[in-house]
Structures are given as structure tokens and as C-alpha cells.
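Visitor: Following this message is one structure expressed as C-alpha cells.
Bear in mind these aren't lab numbers, they're just calculated from the coordinates by the rules spelled out. Treat the numbers as computed from the prediction; the structure is a model and nothing was measured. We place every Cβ from the backbone using ideal geometry, glycine too, and count neighbours over all the protein chains shown.
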Amino acid sequence: MSADDAELKALRSSVREFLEAKSPEEAVRKIMESESRHDPAVWAQAADQLRLPGLAIPPEYGGDGFGLVELGVVMEEMGRALLCAPFFATVVLAAQALLASGDDEACARHLPGVADGRTTATLAVAEDDGSWDPALITVRARPDGGGGWKLSGRKCFVIDGTTADLVLVVARTVAGPSLFAVDRSATGLSAEPLQTLDPTRAMARLTFDSVPATLVGTDGAGGRVMARVLDVASVALAAEQSGGARRCLEMSAEYARTRHQFGRPIGSFQAVKHKCADMLVQVELAEASSREAARLAAEGAPDVPVAAAVAHACCSRAFMAVAMETIQVHGGIGFTWEHPAHLYFRRAKSSQLLFGGPAVYHERLLDRLGI
Amino acid sequence: MQDFAAEARRFLDAHAAKAPDRTAVTWGEGDDSMAYFSSLPPEAEAEQVRRARAWQRIRHENGFGWITGPPEYGGRGLTPVHDLLYDAVESEYDVPDTGVLAVVGLGMIGPTILAHARPAVKERWLPAMYRGDAIACQLFSEPGAGSDLASVATRAVREDGDWVLNGQKVWTSVAQHSDIGLALTRTNPDASKHRGITAFLVPMDAPGVEVRPLRQMTGGADFNEVFLTDVRIPDDHRLGEVDGGWTVALTTLMNERDTVGAEGAGPVAAALSPDRLSALMRATWTWDDRALRGRLAELLVDAMATGYLNDRAQRTLRAGIAPGPERSVAKLMYGQNLTRAAHFVSECLGPRIIADTGRWGTYAWSELLLATPALRILGGTEEIMKNILAERVLGLPKEARA
């Protein structure tokens with residue numbers, strides 16, 4: 001299913017209106033210092049009023065069956081508002097992993113709860129070194145003799161890891177990396193919150209001590225599932241990054257128009273003006289690359305892996321550059337705790353490095369181009 | 001729209017072959033030219049002009065010579081979207097390069113004549129231009145008026161009902177092939193600079209018009225200086241009002257942004273192609289150089305994102321919606337991307353780009369390397385483009401100006 005331009009516009013404005021009411025800066029600051037790092041009441045409203053968690057989940061699992069273009073619109077708006085919510089981990093990482101696994105039974109068990117907002121979920125891949133390369137995974141899964149599995153080892157950088165109801169884990173079996181589902185209350189699972197550079201995105205370290213788990217999809221298929229999830233997640237994250245970058249540009253342009261020094265608006269000085277133009281260029285490239293990647297994905301085009309890698313690299317670089325220059329355009333006020341610029345700076349750096357950072361995503365792009 | 005595309009395809013199938021993929025490369029095979037400027041010997045250039053005129057005539061005879069033009073002047077009376085659609089379809093075919101008459105003349109001067117000239121002048125020149133018979137150039141820039149175009153100093157003085165022009169123009173593309181030129185002149189030195197300009201159509205064979213080739217840093221001469229000495233122009237060749245030439249110039253410049261943003265064809269298209277660049281890395285044994293690989297990735301990210309930006313602007317236009325700043329951003333990025341590509345390649349090649357060893361696909365890149373500084377200047381310098389983006393898109397205040 002796909003929305004036409006007018007429907008996308010309507011989706012954008014209803015999400016923006018919702019977030020302006022529910023996730024203004026004061027709310028973001030309050031939630032980012034709370035233990036859960038999200039507001040369950042707002043999450044419930046996002047589900048009940050806007051049906052956001054089910055947006056990109058197929059109708060047979062209780063969702064509305066839209067694709068990455070619509071998901072991208074929502075992510076852009078969430079990035080703008082720095083929303084603290086389990087959306088990315090639940091709807092993008094975990095739900096997409098379930099869908100990519102091809103395991104209808106697991107999808108039928110978990111996705112309806114995700115779609116209606118009752119279940120939050122996450123995907124645990126990276127370990128202490130932060131890599132998302134399935135080949136480097138050390139968490140082990142062993143058959144428990146009764147058709148189930150037991151997981152042992154440690155995952156790190158798990159988004160919403162202390163709060164998610166359902167944890168999907170990529171662990172190693174004799175067949176290779178494989179996807180498993182673990183219940184949050186399973187015995188042997190402990191979660192420890194991590195202090196994060198970006199306080200708007202909670203992360204945790206999960207320790208698995210012979211934790212009961214259910215295999216999702218085919219044993220040994222984790223690498224293939226991961227490649228697919230990484231493409232979708234890169235495109236969704238790129239949309240969030242471009243939304244954040246657009247908001248930073250707007251703040252900077254507004255400030256450059258109104259802040260006076262030497263008797264005139266600082267935006268009339270070419271040094272500041274050109275900095276703002278450079279930021280605009282970055283934002284336009286970011287938006288084009290993330291929206292184009294989403295469009296190609298919705299069409300099922302063969303060059304999605306390349307477009308996803310371009311969008312991830314382009315938006316990561318753009319958001320970081322724009323967030324940094326936002327502080328520079330604002331001068332001293334931009335360096336204060338009270339000003340929101342640092343929240344975007346933190347989000348930008350955290351997002352840029354979440355899946356490995358420039359060295360990793362540049363090689364991924366070259367690899368996908370056959371270079 | 002679908003019918004129009006099908007009609008264009010039928011016409012092109014009957015008159016041209018499908019274009020080869022210019023970005024695919026087999027190392028050591030085919031033309032390794034990386035020239036941005038053509039820099040052809042005179043006979044070859046004359047032949048290229050002849051072929052351009054001939055192809056434009058065929059387009060015209062088949063209803064594709066001036067897709068957006070009014071029927072009374074030989075146009076088809078369709079929309080800019082049809083025009084873009086035709087360009088997109090034609091780019092799939094191997095047809096003669098019509099840049100010599102299309103980029104400036106048909107793309108910029110034609111729409112300006114249509115908007116501002118007297119009916120007799122329109123009748124005299126527009127059908128001829130779009131039939132490929134007349135070539136037009138733009139006599140705007142001067143040694144003292146580059147980015148600050150409104151400070152043109154070429155004088156036009158009224159004399160017995162005519163106008164007498166004196167001054168010097170510079171960076172004039174295709175002047176040596178042109179039949180007419182659109183000149184901006186100063187008619188009122190006492191008015192503020194934007195209000196004292198008048199535009200004239202100058203027959204390039206008028207006494208007192210002298211075209212001299214201007215050799216640029218690549219070694220070739222793709223531009224000219226045009227000297228105007230006591231050139232007498234009848235008043236009916238005036239475009240717009242007396243002292244109202246700035247409005248005329250803006251019509252031309254609006255159309256310029258449309259043509260310059262659409263670049264990317266020809267041999268330089270290959271400069272940003274992943275296949276071409278990876279073949280080069282293989283051939284130069286720089287394949288596994290981590291630093292170069294990182295830079296290649298950064299370059300490709302920008303080149304491909306710029307491509308997406310262009311694609312999206314095109315689709316927006318096709319849907320009948322005026323695009324935002326995408327094309328200005330794409331133009332800015334195009335110059336920067338090609339510049340970075342040229343320097344990236346030169347570092348892969350090492351000394352092979354500073355002396356010609358005769359090896360295929362090596363020293364040939366020096367042509368692009370030497371052309372790239374122009375891409376950040378022509379059609380609006382990077383600095384002017386950034387001013388425009390910041391002021392028009394972001395609403396930043398203008399600087400205090402003289």
C-alpha cells in the first residue's frame with residue numbers, strides 16, 4: 001500500500017502537530033533525564049490516535065501495511081522533534097527483523113502487539129566492540145534439548161534494552177548467525193542501562209546467562225536477515241537524520257535573520273550567509289538521498305542496497321555537519337545547556353556512529369557497488 | 001503526456017540510433033577523452049556546428065524544434081514539462097550535440113526575445129533560430145562586470161533615432177558562430193546602476209563588431225572577447241524599455257539557471273561513474289589504498305546524492321509542480337563533485353597526469369583537471385550561488401550593496 005502526495009502531506013502534518021503538542025523541547029528534556037527515557041502515555045497516544053507503530057506492518061499482522069516512504073515521513077518528523085520513544089527500536093529494527101526472517105509464526109505472535117502499541121521491542125546485534133557485522137558475533141545459542149534454545153554471552157549498545165518487552169537477538173549457532181526471540185522477563189537475562197552521549201536514545205548492555213530463546217526464521221540465516229534489516233534501518237535512520245538536520249537549519253537561519261551584531265543581522269555577513277547556504281546544501285542532499293532510497297525500496301528496485309548506503313552516509317555526514325555549524329552560527333548561546341543545539345549535536349554524532357560510522361559505511365557502499 | 005513521449009520516441013527511432021552507455025568502461029578501449037571544453041581544431045568545429053544546425057532542422061521539421069514556443073513563431077505551444085520529457089527521451093539516443101545553438105541561443109536568448117522584443121524582430125529571428133539557421137550569443141559579462149553584472153559599462157547613445165554602442169564584452173560563448181547577440185548596455189550613467197541599462201539585439205555582422213577568441217587555461221579557446229566600436233543599432237532592435245534592460249537580463253538569467261543545472265552528459269559523465277573510477281583504481285594499483293578508498297566513497301556519496309536530487313527535481317517538474325532550490329544546489333554540487341573527482345583521479349594516477357606516457361586513460365584526465373576551476377565560476381560563481389540560496393531560500397538579509 002502506498003500513500004499519494006496529498007496523503008503523505010496529511011500524514012506529515014498530523015505527525016508534526018502531534019509531536020509539537022506531545023514532544024516539545026521541555027518534554028524531551030524531562031524524558032531524557034527519566035529512567036525509562038520514554039513517556040508510555042505519549043506512546044499509547046501515538047498508537048491509539050495516529051496508529052504509528054503499525055504504520056509499516058502488513059495488514060495480516062494488524063498493521064496498516066505502508067512502506068518506507070510513509071515510515072520515512074514519520075521518522076523525519078520524529079527526528080525534527082527529537083522524540084524520545086521506542087519507535088526506532090520497535091518499529092524499525094525489531095519489526096523489520098521479524099518481517100525479514102520470513103517466519104510467519106513469529107510474525108503472527110509478535111507483530112500484532114507491536115502494531116497496536118502494546119509491545120515494545122528491540123534488536124540486539126552489537127557486542128562490546130559496537131560492530132553490526134554478523135560475522136563478529138560471539139553470543140552463543142545452544143539447543144536446550146526440547147526444541148528451544150539457550151543464549152549465553154553479552155550484547156551492548158542495545159537501544160531501549162532495559163525497557164523493551166521483546167528482545168530479538170542475533171546469536172551464533174553451529175550453522176552461523178541466527179535470529180532469536182527472548183522475552184524481557186526470561187530468567188538469566190539482565191539489562192544494565194548505559195550512560196549515552198545522546199540522552200534521547202536509551203541504550204543498554206544485556207547479559208545472557210543461559211536464557212531461554214525461540215529461533216526466529218531459519219537456523220543460520222541471521223546474516224541475510226541482518227543485511228536486509230540494515231538496509232531498511234539505514235533508510236529510516238537517514239530520514240530521522242535529515243529531519244533533525246532540517247530543524248537545525250531552520251533554527252540557524254532564524255537566528256541569522258534576527259540576531260544583530262555590529263548593528264546588523266549576522267545573516268547579512270557573507271561568512272555567516274555562506275555557512276547557512278552550505279548547511280542548506282547538506283540538508284537538500286540528505287533529504288533527496290533518504291527520500292529517494294525510501295522510494296526505491298517501496299518500488300522494490302534492485303539498487304536499494306546502494307541507495308540505502310548512500311542515504312546512510314549522506315545523512316550521517318549532513319546531520320553532523322549541520323548540527324555542528326548550528327552551534328557555530330548561534331555563538332556562545334549555542335554552547336549552553338539551555339539551548340537545544342547540543343541535543344541535536346549529540347543525536348547527530350550518536351546516529352552517525354550507531355551502525356559503525358564512516359569507515360564502515362564507506363566500505364559498505366563500495367562493496368555494494370562492486371568496488 | 002504519454003502520447004507525446006511515444007511520438008518523440010517514434011521520431012527518434014526514425015532518425016537516430018540508441019546511445020551507447022557512456023559510463024560503462026572497458027579499460028584501454030574506446031575514446032579516453034575527458035575534455036569538458038571541446039577545444040576542437042577549426043575544421044572539426046565547423047563540422048560540429050554544421051551537424052548541430054542540421055539536427056536542429058530535423059527536430060524543427062518534426063515538431064520538436066521549439067516545444068514550448070508559440071505556434072506563430074514555429075513553436076509547438078506545449079509546456080516546459082513536455083520540453084523536459086523530450087530531453088529525457090532524446091538523451092537515450094545518439095544524436096548530434098546541439099549545444100552551440102541550444103544552450104545560450106535557444107535556451108536563454110530565444111525566451112528573452114519572445115518576452116521582450118517587437119513583433120517584427122520576433123518574426124525575423126525566432127523561427128530562424130529554432131530552425132537551426134540562426135545562432136545567438138549573450139553579450140553580458142564585461143571585464144568590469146562579472147558577478148556584479150549590473151555594473152556593465154558598454155555605452156549606448158542615441159543618434160538620429162538609432163543607438164551607437166561602444167564597449168567590450170567578455171566570456172562570450174559561441175560568438176564566433178553567432179548571427180545575433182543580446183547586449184546589455186549603459187544608457188543612463190546617472191541613474192542607479194540597475195535602472196540605467198538597456199538591452200539590444202546586435203547583428204553580429206554589423207560594422208564595428210569584432211570577435212576575438214579568448215584562450216582559457218586549458219589551452220583551448222571556447223570563449224571570446226567581443227569588441228563593439230561605434231556599432232549602429234536601429235531602435236526597433238531594442239528589447240524592453242529604455243533603461244529597463246535589467247528586467248530583460250533577468251529573463252535571460254532565469255533561463256540560464258535552468259540549462260546549467262542540467263549538465264552531466266558527454267565524456268565528463270563518466271568522471272563520476274563508479275565503474276570508471278573503480279576501473280581506474282584497478283589500473284593504477286591503488287585498489288586497496290584505504291585512504292583513497294575512503295575518499296572515493298565520500299565522492300560517490302555526493303555524486304550519487306546530487307543525482308538523486310536532480311532526479312527528484314525532474315520528477316517534481318514532470319508532475320507539473322515548480323521545484324524548490326534543488327537545481328541550484330545541484331549546480332553547486334556538480335562543480336564541486338567534478339573538481340573533487342579530478343583531484344582524486346590525479347592522486348590515483350600520480351606522475352602519469354603530469355607527463356604523458358602515452359598510456360590510455362591516464363594523461364587524458366589532465367583535460368578535466370584543468371577545466372574544473374571553470375565549473376565553480378561559470379553561470380554564477382559558487383559565492384554568488386550561495387548568496388542566492390541564503391537570501392532567496394533561507395530569507396537571510398542582503399548585504400549592504402553599492
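Visitor: Mind jotting down a quarter of the surface of the convex hull over the alpha carbons of segment B:137-243, in square nanometres, one decimal?
Guide: Working: hull surface 25.9 nm².
Its average projected convex-hull area is 6.5 nm².
Visitor: Here's something else I'd like to know. Could you grab the relative contact order for chain A? Cα pairs under 8 Å, six or more apart, rounded to a whole percent. Please report the intermediate quantities before stating the final value.
Guide: Working: 722 pairs, mean separation 57.2, N = 371.
Relative contact order, chain A: 15 percent.
Visitor: Turning to a different aspect of this structure: Compute the Rg to Rh ratio over segment B:255-393 from the alpha carbon atoms, using the Kirkwood formula for Rh, and round to two decimal places.
Guide: 1.02
Visitor: I would also like to ask the following. Taking one equal scatterer on every alpha-carbon of segment B:2-134, how large is log10 of I(q)/I(0) by Debye at q = 0.10, 0.11, 0.12, 0.19 1/Å?
Guide: Cα-only, vacuum Debye calculation for segment B:2-134: -0.38, -0.45, -0.54, -1.17.
Visitor: State the answer as a single residue: which of A:PRO86, A:LEU8, A:GLY145 lies farthest towards the positive end of the charge dipole of chain A, with beta carbon charges of +1 for Lys and Arg and -1 for Asp and Glu, about the Cα centre.
Guide: Result: A:PRO86, furthest along the dipole toward the positive end.
Visitor: Related question: What is the helix-to-structure angle for A:104-115, meaning the angle in degrees between its Cα long axis and the longest Cα principal axis of chain A, kept from 0 to 90 and rounded to the nearest 10?
Guide: 40
Visitor: Given the convex hull over the Cα atoms of segment A:164-246, what projected area results after averaging over all orientations, in nm²?
Guide: Reported value for the Cα convex hull: 6.6 nm².
Visitor: For chain A, with a Gaussian network of springs between Cα atoms less than 10 Å apart, report the residue from A:GLN45, A:GLN352, A:GLN270 with the top mean-square fluctuation.
Guide: Checking each option, the largest mean-square fluctuation is seen for A:GLN270.
Visitor: If the viscosity is 1.567 mPa s and the temperature 4 °C, what translational diffusion coefficient in µm²/s does Stokes-Einstein give for chain A when Rh comes from Kirkwood over Cα pairs?
Guide: 62
Visitor: While we're looking at this one, here's another question. Given N residues in segment A:189-303, what is its alpha carbon radius of gyration divided by 2.2 N^0.38 Å?
Guide: This ratio for segment A:189-303 stands at 1.63.
Visitor: Cα-Cα over 26 Å: which of A:LYS9/B:LYS331; A:LYS30/A:LYS275; A:LYS349/B:LYS398; B:LYS122/B:LYS169; B:LYS122/B:LYS386; B:LYS169/B:LYS193?
Guide: Among A:LYS9/B:LYS331; A:LYS30/A:LYS275; A:LYS349/B:LYS398; B:LYS122/B:LYS169; B:LYS122/B:LYS386; B:LYS169/B:LYS193, the Cα-Cα distance tops 26 Å for A:LYS9/B:LYS331; A:LYS30/A:LYS275; A:LYS349/B:LYS398; B:LYS122/B:LYS386.
Visitor: Right, something else. Please list 3J(HN,Hα) in residue order for segment A:122-135, calculated via the Karplus relation 6.51 cos²θ - 1.76 cosθ + 1.60 where θ = phi - 60°; whole Hz, with x for glycine and proline.
Guide: Those phi angles translate into 8, 10, 9, 10, 5, 10, 4, 8, x, 6, 9, 6, x, 5 Hz.
Visitor: Please list the radius of gyration and Dmax for segment A:121-220, considering alpha-carbon atoms only, with Å as the unit.
Guide: Here Rg and the maximum Cα pair distance are 12.7, 42 Å.
Visitor: Taking each residue of B:378-386 in turn, how many C-beta atoms of other protein chains fall within 10 Å of its C-beta, and what is the average?
Guide: 2
Visitor: Here's a follow-up. Which value in Å is the Kirkwood Rh of the protein assembly as shown over different Cα pairs?
Guide: The Cα-based Kirkwood calculation yields 29.1 Å.
Visitor: So, one more: Using alpha carbons only, what's the Rg to Rh ratio of segment B:77-116 with Rh from Kirkwood?
Guide: Over the Cα atoms of segment B:77-116, Rg/Rh equals 1.02.
Visitor: Something else: Determine ³J(HN,Hα), in whole Hz, for all residues of segment A:55-65 in sequence, where each value follows from phi through the Karplus function 6.51 cos²θ - 1.76 cosθ + 1.60 and θ = phi - 60°; x replaces Gly and Pro.
Guide: 3, 10, 9, x, x, 5, 10, x, x, 9, x
Visitor: Taking Rh as the Kirkwood radius, which is the inverse of the mean 1/r over Cα pairs, what is the Rg/Rh value for segment A:224-368?
Guide: Taking Rh as the inverse mean 1/r over Cα pairs, Rg/Rh reads 1.06.
Visitor: Peptides B:69-80, A:107-118, B:105-116: what's the order by average Cβ count within 10 Å, highest mean first?
Guide: Put in order of decreasing packing, that is B:105-116, A:107-118, B:69-80.
Visitor: Can you give the alpha-carbon Rg of chain B over 2.2 N^0.38 Å, where N counts its residues?
Guide: After normalising by residue count via 2.2 N^0.38 Å, the value is 1.03.
Visitor: Quick one: putting +1 on the C-beta of Lys and Arg, -1 on the C-beta of Asp and Glu, what dipole do you get for chain B around its Cα centre, in Debye to the nearest 20? Working shown, then result.
Guide: Values: 43 positive and 53 negative charges, 141 e Å.
Roughly 680 debye, rounded to the nearest 20.
Visitor: Another question, then. Expected output is a single nm value to one decimal: the length gained when fully extending between B:ILE384 and B:ARG57, i.e. 0.36 nm times separation in residues minus the C-alpha distance. What is it?
Guide: Details: separation 327, 0.36 × 327 = 117.72 nm, distance 3.66 nm.
Here the answer is 114.1 nm.
Visitor: Tell me, what is the percent relative contact order of chain B, built from C-alpha pairs under 8 Å that lie six or more residues apart?
Guide: It rounds to 16 percent for chain B.
Visitor: Return the average number of partner chain Cβ atoms within 10 angstrom of each residue Cβ along peptide A:265-274.
Guide: The shielding value for this peptide is 5.
Visitor: Relative contact order for segment A:246-330 using alpha-carbon pairs under 8 Å, separation at least 6, rounded to a whole percent?
Guide: Relative CO of segment A:246-330 lands at 37 percent.
Visitor: Output wanted: per-residue J couplings in Hz (rounded whole) for segment A:292-299, from phi through Karplus 6.51 cos²θ - 1.76 cosθ + 1.60, θ = phi - 60°, x for Gly and Pro.
Guide: 5, 4, 5, 5, 4, 5, 5, 7
Visitor: Give the long-range amide H neighbours of A:ALA124: residues separated by 5 or more places, or on another chain, with amide H under 5 Å away, using H modelled in the peptide plane at 1.01 Å from N.
Guide: A:LEU168, A:VAL169, A:VAL170
Visitor: Quick check on chain A: helices-only [θ] at 222 nm, where DSSP H runs of length 4 and up contribute -39,500 (n - 2.57) each and the sum goes over total residues. Nearest 500, please.
Guide: -17000 deg cm²/dmol
Visitor: By how many nm would the segment from B:THR247 to B:ASP205 grow when fully extended, if each residue of separation counts as 0.36 nm and the alpha-carbon distance is taken off?
Guide: Between B:THR247 and B:ASP205, full extension yields 12.5 nm more.
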